[in-house]
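Student: Take a look at the following structure, please.
The values are calculated or read from the model by the stated rules, or taken from the named source; none is laboratory data. Fair warning: this is a prediction, and the values are worked out from it, not measured in the lab. Reconstructed Cβ throughout: ideal geometry from the backbone, glycine too, with neighbour counts over all protein chains shown.
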Amino acid sequence: MKQNSICIRRLKENEIPAAHELAWRVFNEYEAPDYGEQGTESFRHAMHDQEYLAGMEYIGAFDEEKLVGEIALKPERKHICFFFVDGAYHRRGIGTAMLHYLLEQYPDETITLNSSPYGLPFYKAVGFRETDRTQTVDGITFTPMAYFSEQKR
């Protein structure tokens, strides 16, 4: 899928480390200030936990050769674990385009995620609904959300 000069596609195995670097950089800039030391350490641990990362599918957004956005999904649960767009590319529709690409891959599935406080307005705007109250676990504050398959029809 192409949007202007942005290409959205599944990542190749050798591109996954760049996706993790992007996630860590964007997390530190936009999310870590809300989480403090414990939450930041919990996220860092998840980014290096091979058991947690195993089996994830990655979608990337590229500006020519530069990776500027990524979604990582646990396909067996249809759960988004990471969803990040480089700050220099915010508010250009890249996150929405990546989400639409993902929804096309799973047309009859409900997709879930745990939204950070920073991401909550975006997820609500693109159609995710809160499924539980906001909570904090291991220093990470999140709101469980879902995009229900019947919304796609």
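Student: When the residues of the stretch 56-84 are narrowed to those that are under 8 Å from the mean Cα position of the chain (by Cα) and aromatic (Phe, Trp, Tyr), which ends up surrounded by the most Cβ atoms within 10 Å (Cβ to Cβ)?
Tutor: Among residues in the stretch 56-84 that are under 8 Å from the mean Cα position of the chain (by Cα) and aromatic (Phe, Trp, Tyr), the one surrounded by the most Cβ atoms within 10 Å (Cβ to Cβ) is 84.
Student: Conditions first: (1) free of Cβ contacts under 8 Å to residues at least 24 places away in the same chain; (2) surrounded by 13 or more Cβ atoms within 10 Å (Cβ to Cβ); (3) farther than 27 Å from residue 142 by Cα. Residue 24 passes all but one, so which condition is the exception?
Tutor: (3)
Student: Can you list the strands (runs of 3 or more DSSP E) lying wholly within the stretch 107-153 that have 2 or more residues being farther than 20 Å from residue 33 by Cα?
Tutor: So the answer is 111-115, 140-147.
Student: Follow-up question, since we're still on this one. Within the stretch 3-17, can one find any residue that is of a type in the set (Ser, Thr, Tyr), at pLDDT below 90 and outside any helix (DSSP H, G or I)?
Tutor: yes
Student: Out of contact with any Phe, Trp or Tyr (no Cβ under 6 Å at 6 or more places or on another chain), part of a strand (DSSP E or B) and of a type in the set (Gly, Ala, Ser) - does that describe any residue in the stretch 61-79?
Tutor: Scanning the stretch 61-79, I find at least one residue that is out of contact with any Phe, Trp or Tyr (no Cβ under 6 Å at 6 or more places or on another chain), part of a strand (DSSP E or B) and of a type in the set (Gly, Ala, Ser), so the answer is yes.
Student: Pairs, please: C-beta under 9 Å, at least 6 apart or cross-chain, first residue within 16 Å of residue 132 (Cβ to Cβ) and in contact (Cβ under 8 Å) with a residue 60 or more places away in the chain and in the stretch 92-119, second part of a loop (DSSP other than H, G, I, E, B) and of a type outside the set (Phe, Trp, Tyr)?
Tutor: Short answer, once both residue conditions are applied: 117/134.
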